[in-house]
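Worksheet for the structure shown next.
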Amino acid sequence: MSITRDFKETIQARAIKDRAFREGLLRESVECLLADDMATGKALLRDYIKATIGFEELARQTHKDSKSIMRMLSAQGNPTADNLFGILHLLQKREGVQYELQPA
């Protein structure tokens, strides 16, 4: 089932006005990636990027092609650790948060 335009617009509108929501979306994407749930982690990361910085601005700041970033984070994409962690570092810095690992 594909996500409707209204749903995407709702996510973006909430992300713009709700810092806790934005941080939660980014944090959840990192947690999914670390738990080896790449599909969910990349999907959440795409939603976060679309709702906040946008792929064009992210591409400008990372010195990567926006289409390349979109492919990396697509369902079939396979980003390198260097690219993925570079993007996450930039997004954390932009959001003003820093995630740290803690033993479970």
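Quick note: the coordinates plus some simple rules give every number you see, no bench work behind them. Please read these numbers as outputs of a predicted model, since none were measured by experiment. Every residue, glycine among them, receives a Cβ derived from its backbone with ideal geometry; neighbour counts consider all protein chains shown.
Under 16 Å from a point 7 Å along the Cα-to-Cβ line of GLN61: which residues of the stretch 40-54 have their amide N that close? In the stretch 40-54, the label zone of GLN61 (backbone N under 16 Å from the point 7 Å along Cα→Cβ) covers 45-54.
Here the label points at ASP18 and LEU90, each 7 Å from Cα along the C-beta direction, are separated by 2.7 nm in the simple model. Couplings 3J(HN,Hα) of the stretch 90-104, computed from phi: 4, 5, 5, 4, 5, 7, x, 10, 9, 8, 10, 7, 10, x, 7 Hz, in residue order, whole Hz [Karplus 6.51 cos²θ - 1.76 cosθ + 1.60, θ = phi - 60°; x for Gly and Pro]. Fewest-first ordering of PHE7, PHE55 by other beta carbons within 10 Å of each residue's beta carbon gives PHE7, PHE55. Extension gain, PHE7 to ALA35, is 7.5 nm, computed as 0.36 nm per intervening residue step minus the present C-alpha separation.
Per residue of the chain, the DSSP helices (runs of n ≥ 4 H) give a summed -39500 (n - 2.57) that works out to -22000 deg cm²/dmol at 222 nm.
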